[in-house]
Amino acid sequence: MLEQSGTQCRLVGDVTIETVPALLKEIRPMIRSGMNVLDCSAVLHVDSSALAFFLTCKREALQHKHNLDIVKLPASLMSLASLYGINDLLVV
């Protein structure tokens, strides 16, 4: 679930293979409208599809000529990103 407030959004719940398609459908219009901060402090569970989700969000923001800062990523996701060598792509 996504909770938007102005140009910021809070992601609540799981980011897994089961939830990513619906999350992408929900977040794309927010990114197009200028959302620039995605707060992940309320993310509960992630799997490797979360990496693709967050990278897709960052790419979409760049396509719309703005940056997207993803903050408070779960440690488990950062471990996965480090394992794949892409943590620099997620964190500012």
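The values are calculated or read from the model by the stated rules, or taken from the named source; none is laboratory data. Computed from a predicted structure; not experimentally measured. So basically every Cβ, Gly included, is an ideal-geometry build from the backbone, and we count neighbours across all protein chains shown. Accessible surface areas use protein heavy atoms only, side chains included; no ligands, DNA or RNA. Shrake-Rupley method; radii C 1.70, N 1.55, O 1.52, S 1.80 Å.
Please determine, by comparing only the residues of the range 8-52 that are in contact with a helix residue (DSSP H, G or I) (Cβ under 9 Å, 6 or more places away or on another chain) and of a type in the set (Ser, Thr, Tyr), which one is most open to solvent (accessible area, probe 1.4 Å). Step by step, filter the range 8-52, then rank; the result is 48.
Among the residues of the range 66-92, the one identified as of a type in the set (Asp, Glu) and more than 18 Å from residue 31 (Cα to Cα) is 88.
Scan the range 63-91 residue by residue and report those that are basic (Lys, Arg) and surrounded by 12 or more Cβ atoms within 10 Å (Cβ to Cβ). Within the range 63-91, just 72 meets the criteria.
The residues of the range 1-57 that are charged (D, E, K, R) and free of Cβ contacts under 8 Å to residues at least 24 places away in the same chain, listed by number, are 3, 18, 25. Taken over the range 3-40, the criterion of being among the charged types (D, E, K, R) and farther than 20 Å from residue 63 by Cα is satisfied by 3, 10, 14, 18, 39.
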